[in-house]
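The values are calculated or read from the model by the stated rules, or taken from the named source; none is laboratory data. These figures come from a predicted structure and were not determined experimentally. Here the Cβ positions follow ideal geometry from the backbone for every residue, glycine too, while neighbour counts run over all protein chains shown. With ligands, DNA and RNA removed, areas are computed over all heavy atoms of the protein, side chains included. Shrake-Rupley method; radii C 1.70, N 1.55, O 1.52, S 1.80 Å.
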Amino acid sequence: MEDGERETWTTEEFGPCHTGAVGVLLDDGTVPRPVYFDASSGGGGQAVSQWTVYDGRPRQGPRAAALRAVCSCDWNGPEQRLDWDEIGAQDLQTAGAGAADICMRDWDEHTVEVERSAVPLPEAVTALLAQLEVEVEKLAKSSPLAAIRAARRLEVLAAQTAYWPARDARRDADLGQAAAALGLDERGARALLARFGGRSPYC
């Protein structure tokens, strides 16, 4: 994805390995550079890639021909063409809102596919995790401190139970295989295995 400040989306499980956003394409099919806005005080500025700035107006970005969902894993969703004859003088944020919503749904579907392609968990484990989440949420309503203690016990349990699997996985699987199985990119997989395995991510 191009650099620049903009609204992004993540999931709790996959985090920054699958950061989504609304991307922009120009008429020639290229991705525009971020738009740089000078600070009013003259002390620097900000690079922005938010899709709403690409309306072709003075001091804005070039005019977007289409929007599409993009992800930090290099996945791109289908193009949502913008009809500028219909948009006319409307504000792009208003006129393009429908296309932007479709982009978010496309990215949601992408993360569902990522989850499906990850190594499956046994149904018994999935059910236990779901039940545990429900019980801790119930506990939080009656005793927040008890819920915190339960969460802490879960942290300890995760560290204890993942230590040897993380070391075995790092030894037996190449990083690409591990990343695909975990639904992460290679950097994210390396960091996760290192954290659970008590090793430096640079080893």
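Here are the numbers for the structure shown:
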{"quantity": "The chain - percent of accessible surface contributed by carbon and sulfur, probe 1.4 Å", "calculated": "53 percent"}
{"quantity": "Square roots of five times the Cα gyration tensor eigenvalues for segment 87-203, Å", "calculated": "34, 25, 14"}
{"quantity": "Cleavage-rule hits (trypsin sites (Lys or Arg not before Pro)) in segment 158-203: DSSP loop, at most 12 neighbouring Cβ within 10 angstrom", "calculated": "none"}
{"quantity": "The chain, accessible area per residue, ligands and nucleic acids excluded (1.4 Å, Å²)", "calculated": "65 Å²"}
{"quantity": "Heavy atoms of C71 accessible to a 1.4 Å probe, total area in Å² rounded to 10", "calculated": "0 Å²"}
{"quantity": "Largest to smallest principal axis extent of the C-alpha atoms in segment 88-154, angstrom", "calculated": "57, 32, 16"}
{"quantity": "Amide proton proximity set for A66, modelled H, under 5 Å, gap of 5+", "calculated": "L25, L82"}
{"quantity": "Sorted peptide list for 63-69, 180-186, criterion being average Cβ within 10 angstrom, highest first", "calculated": "63-69, 180-186"}
{"quantity": "Listed peptides 143-153, 110-120 by packing density, highest first (mean Cβ within 10 Å)", "calculated": "110-120, 143-153"}
